Amino acid sequence: MAEKVRIYQLAKDLGLDTKDMLALLDDIGIEYKSHASSLEADVADTIRQLAAQEAQARAAAQASAEAVAANGAVDAATGPAAEQAAQAVAQTAQAAEQTAHAAGQTAQRAAEQAAAAQAAAASLPQRAPVVTVMGHVDHGKTSLLDYIRKTRVAEREAGGITQHIGAYQAETPSGVVTFLDTPGHEAFTAIRQRGANATDIAVIVVAADDSIMPQTREAIAHAKAAKVPIIVAINKIDLPQADPDKAMRDLMQVELVPEAFGGDTVVVPVSAITGQGVDDLLEMLSLVAEVEDLRADPEAEAEGVVIESVLDKRAGVLVTVLMQQGTVRVGDYLVCGEVWGKIRRLTDHTGATVKDAGPSVPVQVLGFSEVPIAGEHVMAVSDEASAKRITSERRSMREETERAEIGRKGLTLADLFGKKKVTTVNLILRADTQGSLEALKGVLEKEAAATDEVDLELMLAEVGAPTESDLLLASTGDATILAFGVTPAASVVKSAERQKIPLKTYRIIYELIEDVQRMIRGQIEPEYAERVIGHAEVRMVIHVPRSGNIAGSYVTDGVVRRGAKARLARDGREVYKGSIAQLRRFKDDVREVASGFECGINLQNYDNVQEGDVIEVYEMVEVPAA
Ligand SMILES: Nc1nc2c(ncn2[C@@H]2O[C@H](COP(=O)(O)OP(=O)(O)OP(=O)(O)O)[C@@H](O)[C@H]2O)c(=O)[nH]1
Ligand SMILES: [Mg+2]
């Protein structure tokens, strides 16, 4: 046996649970990073021997136990000896107890509690792993989930872009898995972060024809920050231009070393179109999930996280939650940040109405009257009174801190004399979900920070379609209304047209961002740059009584123009900067003199011109904003 072998493979060969195998490695002090790490051949052999010995020992123990049971009479004869032994054990135990006392009772109690908690946790029922699929835009996250779920969601999305998180459950050969889909667009950092935080395992999708892209890096960073195991799916391997090997090599740049290169990152090549490799991916997921040993108490107080919240025109506020422990039931009261609701209806990911939802089961809740913030912690409370009390306490606490901040800030000298921004662009933002809204706010903040000359002011940012009252606000603030993923009522559109209030609707996030960039550019004052139009050499200084000194010059290149800006260079140094006040050919005032001609130049407010000076003539031209 000269071959290296991966831990989970060895466990499988020996008929052990991967978890037990890891425990065994821990016991004998062998370091590894994950179940996918490779073991050296000699280490693997040692493990095989140990496993064999253990199996033998177990068999022997069983045999002797049977023997003892069979010969109950032997007990009597060995009585005194056994008693002595028991006494010795008791003494040792006493000594040990005293040592423990000396070491401190608290430590002992803590250890006992931890052990008890562990024992209790181990007896809890298992829950489905929550797998978040992340990666760069269009790398095939939604398609991959579609393949797994055998449904088609990608086609229904506007522009084929996942605008917000989706939560689904899929039946796989090794059990139910909860999947969270996330968007790849850069605007959705917050959603990816939220996804990574609500997750047990991250699947990073990398398209084989595109390799690692900015949002791939970002997704990996989120997964690493959340300290969750990462599995890489190299997708689109069916494409002729696919280069999965390049993607593998590129993974090293982001410190994910594939197993094939001696590392321990599980990389699975897949195609969401043909389904190739998808089974391998699911097997890897179940292996990792098995090692993680995910358990939750369905009877505990219900607690979880808001995955997304939508204001639907007909259905009202719809909130997708994922419980991490406990079970939510129709009629329960839920509190989430500063909002609460009584569950009127629960809908599972297939759209079916359900009575309850336990840990790891994504479910849509109808019953909130306000839109909670996605990513927020959610918990069940016993009754309406507690729900109201908790939310109102939270609200007043926040308001208090806000007031304190304003008080502390005051007015600074910089506020009074600091660099004034040129203009403010007022915006009213409307979006379909809290997640999109946050994403858009994030991008707009970035855009505003990128320019010193324009301030973006968000007068209002809300979930739901624009209303008449938005129009009122827009007209007082001269604001533009940007609606993303929501359709304003026809009456609102008409009213906006009548009042000439710009109201734009978007389905695709890039388009909204581009428009905002255009609005910013439109506000920026044009920049000017110098453009040299000609040079003249001073050949002779002519003194004219009333006009002062005139530079008798020869235009060496370009043109000299009356009124144009000019600078005077003497021995290569600039000695004057101003403009051309008067330009003459012979006795006549002229507007312009071209190269190769002589002329008299009178510089504005400058008399000290000397023979040999060079006059550079230039204009200021507008530079289009970048
Ligand atoms: N040939 C091929 N095309 C794929 C594969 N997976 C996805 N695609 C195509 O790639 C495009 C993008 O797929 P999506 O699943 O919408 O990508 P996504 O990663 O969810 O994109 P966002 O949600 O916008 O970040 C679609 O046109 C898919 O048909 C694949 O394995 N092979
Ligand atoms: Mg998608």
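The values are calculated or read from the model by the stated rules, or taken from the named source; none is laboratory data. As the structure is a computational prediction, the values presented were derived from the model and not from experiment. Virtual Cβ from ideal backbone geometry, glycine too; neighbours counted across all protein chains shown.
Name the one entry in Thr178, Thr199, Thr132, Thr142 that is part of a helix (DSSP H, G or I), of a type outside the set (Lys, Arg) and either modelled with pLDDT of 80 or more or away from ligand 1 (no atom under 16 Å from the Cβ) (or both). Of Thr178, Thr199, Thr132, Thr142, the one residue that is part of a helix (DSSP H, G or I), of a type outside the set (Lys, Arg) and either modelled with pLDDT of 80 or more or away from ligand 1 (no atom under 16 Å from the Cβ) (or both) is Thr142.
Looking at the structure I just gave you, is Val232 within 15 Å of ligand 1 (Cβ to nearest atom), more than 21 Å from Ile307 (Cα to Cα) and touching a residue at least 40 places away in the same chain (Cβ under 8 Å)?
When the stated conditions are applied, Val232 does not pass them.
For the criterion of being of a type in the set (Val, Ile, Thr), crowded, with 22+ Cβ neighbours inside 10 Å and either under 30 Å from Met379 (Cβ atoms) or under 24 Å from the mean Cα position of the chain (by Cα) (or both), Val268 fails.
Scanning the stretch 331-376 for residues that are in a loop (DSSP other than H, G, I, E, B), modelled with pLDDT of 90 or more and within 21 Å of Thr178 (Cβ to Cβ) turns up Asp332, Lys355, Gly358, Pro359, Ser360, Val361.
If you filter the stretch 182-196 down to residues that are outside any helix (DSSP H, G or I) and buried (at least 24 other Cβ atoms within 10 Å of the Cβ), you find that the one that is farthest from ligand 1 (Cβ to nearest atom) is Thr182. The residues listed here are Ala225, Ala233; of these, the one that is in the same structural domain as Asp200 (by TED's automatic domain parsing) and farther than 23 Å from Thr172 by Cβ is Ala225. Residue count for the stretch 584-621 under the criterion of being under 15 Å from Lys565 (Cα atoms) and not hydroxyl-bearing (Ser, Thr, Tyr): the result is 15. Scanning the stretch 306-330 for residues that are part of a strand (DSSP E or B), more than 26 Å from Arg295 (Cβ to Cβ) and free of Cβ contacts under 8 Å to residues at least 60 places away in the same chain turns up Asp312, Gly316, Val317, Leu318. Only one entry of Val492, Val486 meets the criterion of being surrounded by 15 or more Cβ atoms within 10 Å (Cβ to Cβ) and part of a helix (DSSP H, G or I), and that entry is Val492. The residues of the stretch 269-301 that are within 16 Å of ligand 1 (Cβ to nearest atom) and not in a helix (DSSP H, G or I), listed by number, are Pro269, Val270, Ser271, Ala272, Ile273, Thr274, Gly275, Gln276, Gly277.
Restricting Val228, Val319, Val305 to those that are crowded, with 22+ Cβ neighbours inside 10 Å and not acidic (Asp, Glu) reduces the list to Val319.
Check every one of the strands (runs of 3 or more DSSP E) wholly within the stretch 508-626 and list those with 3 or more residues that are aliphatic (A, V, I, L, M) and touching a residue at least 40 places away in the same chain (Cβ under 8 Å).
Hits in the stretch 508-626: 527-544, 548-561, 565-570, 614-623.
As a summary of the residue check, Cys336 satisfies the conditions (1) in contact (Cβ under 8 Å) with a residue 40 or more places away in the chain; (2) farther than 25 Å from His136 by Cβ; (3) more than 24 Å from the chain's Cα centre (by Cα) except for the one numbered (3).
With the requirement that a residue be of a type in the set (A, V, I, L, M, F, W, C) and not in a helix (DSSP H, G or I), what does the stretch 430-457 give you? Those that are of a type in the set (A, V, I, L, M, F, W, C) and not in a helix (DSSP H, G or I): Ala431, Ala450, Val454, Leu456. From the list Ala242, Ala247, Ala226, the one residue that fits, being more than 16 Å from ligand 2 (Cβ to nearest atom) and in contact with a helix residue (DSSP H, G or I) (Cβ under 7 Å, 6 or more places away or on another chain), is Ala226.
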